[in-house]
Amino acid sequence: MNAKTTCISGFILLIASQAIFLQGQAFMFAQEPIDFAHWFMMIGAFCMLGFYFLFPEGMFHKIASICLAIGVMAHVGMASLDILFWSYGPDDELRNAVLRQTFQTKSLALPFFSIGPAMLFVGLTTYLIPHIKPIPVWTLMAFVGSFMVGIGQLITNDRLLVLAGTIVLAIGMITTVYRIEKPVVQASISLAE
């Protein structure tokens, strides 16, 4: 599987996970035989590493790659912890006790539930910075999608906004990748003398 296919597959998995999250917490904890939402999120985030191979080298590429790697690790950690919470099944009391403890422990809450996962989106959009001027519509679309995810996830806790943002980000990122590979050729007509 090449890098583009890996990235597209990753976005499909991230979108699928967000669609499952949109069904609500009761639906999430009732998934059988596995926690599909968090497995999709974990694998989808891991697939985002393919973007490393799709953008030209440079300063922004280095910064984006570091942020992306941190974000992927944080998503894998967050999904792993969420799968643990899912494993408690119908025992809401025990799960809520563990959740409270997890969120009170800053060494778990910050890297795996707030700052860390946000780095995935920071990394993805940082790859786009050098392409804002030549490909403005699609790069800005990706930035808007990333912003929507951040607002929905960290401020409003709006799962629909996160899903919509993930879709907008995916369209912007993937289209930008294809535009970088096949730049628009401007034809010029010269009169032969």
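Laboratory data are not the source of any read-out in this text; all were calculated from the coordinates shown. This structure is a prediction, so every number in the text was calculated from the model and none was measured. We place every Cβ from the backbone using ideal geometry, glycine too, and count neighbours over all the protein chains shown.
A few remarks follow.
- Residue order, fewest to most beta carbons within 10 Å, for S107, S114: S107, S114
- Rounded to whole Å, the principal axis extents of the Cα atoms in the chain read 86, 33, 29, largest first.
- Magnitude of the charge dipole, the chain, Cβ model with Lys/Arg +1 and Asp/Glu -1, debye to 20: 420 debye
- Considering only alpha-carbon pairs that sit under 8 angstrom and 6 or more positions apart, the relative contact order computed for the chain is 22 percent.
- Neighbour counting of Cβ atoms within 10 Å sorts the residues H75, H131, fewest neighbours leading, into H131, H75.
- To the nearest ten degrees, helix 3-21 and the longest principal axis of the Cα atoms of the chain are 40 degrees apart.
- The alpha carbon centroids of the stretch 103-121 and the stretch 41-70 are separated by 19 Å.
- Ranked for footprinting exposure by Cβ neighbours inside 10 Å, fewest first, T156, T175 give T156, T175.
- Positive-end ranking of F46, L22, I171 along the dipole of the stretch 3-181, with charges on Cβ about the Cα centre, is headed by I171.
- In degrees, nearest ten, helix 59-86 long axis to first principal axis of the chain (Cα): 20 degrees
- Around the Cα centre of the stretch 20-127, unit charges on the Cβ atoms of Lys, Arg, Asp and Glu (plus for the first two, minus for the last two) sum to a dipole of about 380 debye.
- Lys/Arg +1, Asp/Glu -1 at C-beta; the stretch 3-181 dipole; positive extreme among P56, V122, P33: P56
- Principal-axis analysis of the Cα atoms of the chain puts helix 115-126 at an angle of about 10° to the longest axis.
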